[in-house]
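Only one structure is covered here, and it is reproduced in the block below.
The values are calculated or read from the model by the stated rules, or taken from the named source; none is laboratory data. Given the structure is predicted, the values throughout are model-derived calculations rather than measurements. As a convention, Cβ positions derive from the backbone with ideal geometry for all residues, glycine included, and neighbour counts pool all protein chains shown. Note: areas computed on protein heavy atoms with side chains; ligands, DNA, RNA excluded. Shrake-Rupley method; radii C 1.70, N 1.55, O 1.52, S 1.80 Å.
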Amino acid sequence: MKVIVFADVTDPWAYIGATRFERAAAMFSILTGEPVEMTFRAFQVPVDDSDDARARVVAAAKITGIDLDFDDVLAADSFDAWRLLTWADEAGPGFQRDLAHQLWRAHFLEGADIADPFTLATRAALVGLELETAEALLASTEYADEVRTQNETGQSLAIDALPYVVVDQRWTLEGMQSQNDYVQALSQMYSEQQGDSSSDA
């Protein structure tokens, strides 16, 4: 199954939901033997910064095993981060996912500035990407058009909650769900897919 996850590295719900979905996808693959190929794409929605909303997101994060630290979070434009993530997606399996989690941790757990080129380049190096290539990319405008296209695609889908998951260009799951709900949804999609295949045979 091919999955596109629209998310943002400055959105806490996207962080929690994407983490849950990844775990659900791994469990689904163990149960069915069907691999799930995930790709992250850039999209932003307004984030509720009220105390009540933060309390809800912190509680949801703890259930997922993530300790958010909003006291040290630095407001940041994630555009350059997404240019780097788009490049990482082309570098080989796993690089983009690992970099996304590095950036989420940097932003929400460590108080790092993920709009800073040095922060971005060093995080890329931590996941095995070439530091000098990352630095050169960030000093250029490379992948800017691709990131704009990703955001335009999200707008065309009328996304208003993250993460927004598109499975095989056919099914969508909007907003954060429980890990179990994600497993059940993937299993149902897989069953429908298998049913379609057998009826076409």
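If you check VAL147, VAL183, which single one turns out to be in a helix (DSSP H, G or I), aliphatic (A, V, I, L, M) and closer than 23 Å to MET27 by Cβ? Break it down into steps so the answer makes sense when it comes.
Working: VAL147 fails: closer than 23 Å to MET27 by Cβ.
Just a single option satisfies the conditions, and that option is VAL183.
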task: Hey, can you tell me all the residues within segment 120-137 that are assigned to a helix (DSSP H, G or I), crowded, with 20+ Cβ neighbours inside 10 Å and not basic (Lys, Arg)?
output: LEU120, ALA121, ALA124, ALA134, LEU137
message: Just to be sure I understand the filter: pairs with C-beta atoms under 7 Å, separated by 6 or more residues or on different chains, first member in segment 98-112 and in contact (Cβ under 8 Å) with a residue 12 or more places away in the chain, second member among the aliphatic types (A, V, I, L, M) and assigned to a helix (DSSP H, G or I). Which pairs pass?
response: LEU99/LEU84; LEU99/LEU85; LEU99/ALA88; LEU99/ALA124; ALA100/LEU85; GLN102/LEU126; LEU103/ALA81; ALA112/ALA106
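Has segment 77-97 got any residue that is open to solvent by 30 Å² or more (accessible area, probe 1.4 Å), farther than 21 Å from PHE6 by Cα and either touching a Lys or Arg at 6+ places or on another chain (Cβ under 6 Å) or in a helix (DSSP H, G or I) (or both)? Working first, answer last.
Taking segment 77-97 and keeping what is open to solvent by 30 Å² or more (accessible area, probe 1.4 Å), we get 77, 79-80, 87, 89-91, 93-95, 97.
Keeping just the survivors that are farther than 21 Å from PHE6 by Cα gives none.
Looking through segment 77-97, none of the residues is open to solvent by 30 Å² or more (accessible area, probe 1.4 Å), farther than 21 Å from PHE6 by Cα and either touching a Lys or Arg at 6+ places or on another chain (Cβ under 6 Å) or in a helix (DSSP H, G or I) (or both).
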task: May I ask you to verify whether PHE6 is closer than 19 Å to THR172 by Cα and either touching a residue at least 60 places away in the same chain (Cβ under 8 Å) or in contact with a Phe, Trp or Tyr (Cβ under 6 Å, 6 or more places away or on another chain) (or both)?
output: yes
Tally of residues being over 28 Å from SER178 (Cα atoms), touching a residue at least 60 places away in the same chain (Cβ under 8 Å) and open to solvent by less than 40 Å² (accessible area, probe 1.4 Å) across segment 138-164: 3
- request: Just give me the residues in segment 22-70 being in contact (Cβ under 8 Å) with a residue 24 or more places away in the chain, of a type in the set (D, E, K, R) and not in a loop (DSSP other than H, G, I, E, B), in sequence order.
  value: GLU22, ARG23, GLU37, ARG41
